[in-house]
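See structure below.
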Amino acid sequence: MLAFISCKSKTRVNENQSSPNIILILVDDLGKEWVSCYGAEDISTPNIDALAGSGMLFNNVYCMPQCTPTRVTLLTGQYPYRHGWVNHWDVPRWGGGAHFDETMNPSLGKEMKKAGYATCIAGKWQIDDFRIEPDALSRNGFDEYCMWTGFEMGIEESAKRYQDPYVFTKEGAKTYEGEFGPDVFTDFIVSFIGKNRGNPFFIYYPMVLTHSPMVNTPDEIAEDNLGKHKAMVRYTDKLTGRIITALEEADVRDNTIIIWTTDNGTGGKTGTYKGRKVKGGKSKTTEPGICIPFIVSWKNQINPGQTSEALIDFTDLFPTFLDLAGVEPQKEHVVDGISHQIDGYSFKNVLIKGADHSQREWILGMGGQNKAKLTENGVENEYIFRDRVVRNEQYKLYISTNRKPEKFFDLINDPAETNNLLDSVNTKERIENFQKLSSIIESFPLKDSDPKYHPNPVQSWDKEISAESQIWKK
């Protein structure tokens, strides 16, 4: 098959494997209202449901409401106010010298490589421009890669991630005519699993599904966008099943940890969820925007059929993966002689010991619809202090850009966030929870960091973008 020819991976053999394999599947733009094991009523996702049934389904996991902040957060173990990517910035499209600089930030791929893992990534990256940095993924610790380039400004065909996808490998970037992008990426991962079954491996699969544009899949033709969205969700479920089957055929399923999650809520689609209509919350800090599906399966290690209310957010992935790989997580992480604080906590004990609670008393989500802005100083955030939310297992506090509480909800009794209790903090329980969550505000820096990177030189394809998009005109 074409995907194997152009996205080939090296064969590595180690008959004495002891560390578990780890696969992180990150679906693009999908909320709980489109996953049937979470209570979605307008779709059936049998492979994802079976994965949840074989392990642990989490109810209280926060990502960020936009693509870039979520992806950099999971790579670094840091909150956006610390790593600086508070808002979305599509590097291949908007350029400006910005990029994810692994010399100035922690990088999960590098750490898994140091831990002795064969490493692989396929799908969507979008925080480097591969034309400028063809070795970006190698520098981030990935042995093998097969990626959609992202929409590279000036190359129209690069906008395609589905039919006739524009794919970047070690051989360079080209259009895969007649191919369906998600199949190309999944074929590559399946091949990598087979060739590395004797060696501990780490696979990061940031899917291009189910992000717009809405398209027909090889299995279904739909007439409208909602029908196409459903078909894309079903295809996501199918590919999830393909990966599980590949693990079984390689005889490594029992020693592989599978984490299945999404980068933020659904974009613009309404689904029926536990008897109520839920509009997708992408770009919002409402629960449908940031409290995403999160499933972990590890046969014979994680007891099947569990549901967890433990608090987790995406800063926790970095230390947890290192912990599972046998590397003791540290709260201070050194990169090129510079110490970086890690905000996350390992939740290994929740997985292995079935602990009811993580090490956290609260989780955080921040940011929203705004892009970053490009100034003479590079990519900067629009706000000094970006709005955010913090929550514990029951209550959620919205914090405004002026560092003040603005909304307060009881998520157990009001999961749709319809009753703002800010003017009704009048019981002992509410007072205690409001005070605990409000006190967290003082722990935040007065100013959010801007992205940290050594700027790439201005390129010929950089172009003026209107002031309406809040990007400085060169």
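Computed from the coordinates by the stated procedures, all read-outs in this text should not be read as laboratory data. Here the structure is a predicted model, which means the values were calculated and not measured. Glycine also receives a Cβ, built like all others from the backbone with ideal geometry; neighbour counts cover every protein chain displayed.
In terms of distances greater than 23 angstrom between alpha carbons, the cross-link table entries LYS160/LYS195; LYS282/LYS407; LYS238/LYS284; LYS230/LYS282; LYS124/LYS228; LYS32/LYS284 yield LYS160/LYS195; LYS238/LYS284.
The relative contact order of the chain comes to 24 percent, based on Cα pairs under 8 Å that sit 6 or more residues apart. How high is the relative contact order of the range 388-443? Use alpha-carbon pairs under 8 Å, at least six apart in sequence, and give a whole percent. RCO, the range 388-443: 29 percent. Farthest towards the positive end of the charge dipole of the range 19-374, among the residues GLY198, THR169, GLY281, is the Cα of GLY281, using unit charges on the Cβ of Lys, Arg, Asp and Glu. Taking every alpha-carbon pair under 8 Å whose residues sit at least 6 apart, the range 22-169 reaches a relative contact order of 15 percent.
Rounded to the nearest Hz, the phi-derived 3J(HN,Hα) couplings of the range 85-100 under the Karplus curve 6.51 cos²θ - 1.76 cosθ + 1.60 (θ = phi - 60°) are 8, 6, 10, 5, 8, 7, 4, x, 8, 10, x, x, x, 7, 5, 7, where x marks glycine and proline. Summing Cβ point charges (Lys, Arg +1; Asp, Glu -1) relative to the Cα centre of the range 388-443 gives a dipole of roughly 220 debye.
Between GLY77 and PHE318, the built amide H atoms are under 5 Å apart, and every one of these is 5 or more places off in sequence or on another chain. Each of TYR398, THR418, VAL458 was placed along the dipole of the range 322-474 (beta-carbon charges, centred on the mean Cα), and the one lying farthest toward the positive end is VAL458. For GLN341, the residues whose amide H sits under 5 Å from its own are HIS333, ignoring neighbours fewer than 5 places away on the same chain, with H placed 1.01 Å from N. Dividing the summed helix terms, -39500 (n - 2.57) for each DSSP H run of n ≥ 4, by the number of residues in the chain produces a 222 nm estimate of -6500 deg cm²/dmol to the nearest 500. Take each peptide in 206-213, 399-406, 295-302, count the other Cβ atoms within 10 Å of every residue, and average; sorted highest first, the result is 206-213, 295-302, 399-406.
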